[in-house]
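Since the structure comes first, as structure tokens, the remarks are kept for the end.
Rule-based calculations on the coordinates, nothing more; no lab input. Values in this document were obtained by computation on a predicted structure and should not be read as measured data. Reconstructed Cβ throughout: ideal geometry from the backbone, glycine too, with neighbour counts over all protein chains shown.
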Amino acid sequence: MKLYANQRSLDLSTPRIMGILNFTPDSFSDSGQFYRLDKALQHVEKMIKAGADIIDIGGESTRPMAEEVSPEQELARVVPVVEAVRRRFDCWISVDTSKAEVMRESAKVGMDIINDIRALQEPNALETAAELGLPVCLMHMQGQPRTMQTAPQYNNVVEEVADFLLQRTEACLQAGIPARNIIWDPGFGFGKNLQHNYKLLQQLSRFAVQGYPVLAGLSRKSMLGAVLDKSVEQRITASAAAALLAAINGALILRVHDVAETADALKIWQAMLNA
């Protein structure tokens with residue numbers, strides 16, 4: 001399985017690491033410490049050296065209770081960073097956005113993947129993604145960031161998330177997005193309680209067998225803190241363990257803050273498989 005963008009391909013025969021760059025002043029995990037271009041670029045270099053193949057750039061915090069960001073604010077944050085990363089580094093660039101304008105302007109300066117927590121449901125997002133012809137990650141979210149953790153409910157979380165992703169995939173195919181450009185993300189922590197999140201992790205292979213690369217984003221999330229009773233900065237080992245479990249269960253892209261630790265965990269697993 002491969003992804004194709006901008007006259008190159010990314011081999012997904014083994015899981016790939018997507019390093020997170022939150023270019024916001026209010027990220028839940030790094031408190032805006034990379035909210036300066038020079039700091040952001042230093043962090044990107046560190047993540048690539050540690051083993052990240054993809055850098056995921058976001059200009060809007062999607063933590064619970066997060067405030068919305070205007071298109072103008074998001075463009076001002078994201079586009080210069082995408083342009084600077086493309087100019088300096090040989091990596092794949094993903095942009096975490098739901099806005100058609102941000103998708104379009106980011107594509108002009110080197111974006112490779114659209115990573116949309118709203119699964120191309122915002123105005124003109126689906127049409128824009130089809131026009132750009134880049135891989136797109138469709139994520140499931142119940143509700144919106146400000147309200148998503150207010151008593152989320154499912155009859156069967158695995159079936160309902162899978163049904164949603166199938167429906168959005170069909171919409172993409174109808175719009176002209178080829179199947180090879182579609183990635184699935186079950187949306188850990190986005191409108192799910194603790195039991196929902198661990199059921200999705202347990203059953204992640206159910207998504208992987210559908211034929212679309214699965215992206216798993218569990219890094220430092222509250223589902224880890226709730227089990228361990230540890231703060232965000234104390235969840236690094238748990239995050240690497242969760243990423244490894246996701247890979248074992250079929251995830252091909254691991255969206256993480258702690259690239260080096262995740263890369264180490266994957267190397268040990270690969271060594272075992274290759275013994």
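When the alpha-carbon atoms of the chain are used, the pair Rg, Dmax equals 17.1, 52 angstrom. Among E67, E101, E159, sorting on how many other beta-carbon atoms sit within 10 Å of each Cβ, with the fewest leading, yields E67, E159, E101. Between K108 and Q174, residue separation times 0.36 nm minus the direct Cα-Cα distance comes to 21.3 nm.
For E67 and A241, compute 0.36 nm times the residue count separating them, minus their Cα-Cα distance, and round to one decimal in nm. Walk me through the intermediate numbers first.
On the way: separation 174, 0.36 × 174 = 62.64 nm, distance 3.06 nm.
Gain on extension, E67 to A241, equals 59.6 nm.
Quick check: from the Cα gyration tensor, does segment 188-265 come out rounded (a/c under 1.5), prolate or oblate?
Details: a/c = 2.23, a/b = 1.27, b/c = 1.75.
Taking the square roots of the gyration eigenvalues as a ≥ b ≥ c, segment 188-265 is oblate.
For the pair N6 and D90, label points projected 7 Å from Cα toward Cβ lie 1.4 nm apart.
Report the extension gain between E159 and N274 in nm, rounded to one decimal, defined as 0.36 nm multiplied by the number of residues separating them, less their alpha carbon distance.
Numbers: separation 115, 0.36 × 115 = 41.40 nm, distance 3.36 nm.
Extra length from E159 to N274 when fully extended: 38.0 nm.
Remark on I93: its backbone amide H falls under 5 Å from those of I55, D112, I113, a criterion applied only to residues 5 or more positions apart or on other chains, H modelled at 1.01 Å from N.
Computed from backbone phi, the HN-Hα couplings of segment 218-234 come to 10, 4, 6, 6, 5, 5, 7, x, 5, 6, 8, 6, 10, 6, 3, 6, 9 Hz, rounded to whole numbers (Karplus: 6.51 cos²θ - 1.76 cosθ + 1.60, θ = phi - 60°; Gly and Pro given as x).
What's the exposure ranking of L3, L37, L244, going from fewest to most Cβ atoms within 10 Å?
Working: L3 23, L37 13, L244 20.
With the sparsest Cβ surroundings first, the list reads L37, L244, L3.
What FRET efficiency, computed as 1/(1 + (r/R0)^6) with R0 = 45 Å and r the Cβ-Cβ distance, is obtained for R36 and Q195, rounded to the nearest 0.05?
Values: r = 39 Å, r/R0 = 0.87.
Taking R0 as 45 Å, the efficiency between R36 and Q195 is 0.70.
Exceeding 29 Å between C-alpha atoms, which entries from my cross-link table qualify? They are K39/K199; K39/K99; K2/K230; K192/K230; K199/K267. Long pairs (Cα-Cα over 29 Å): K39/K199; K2/K230.
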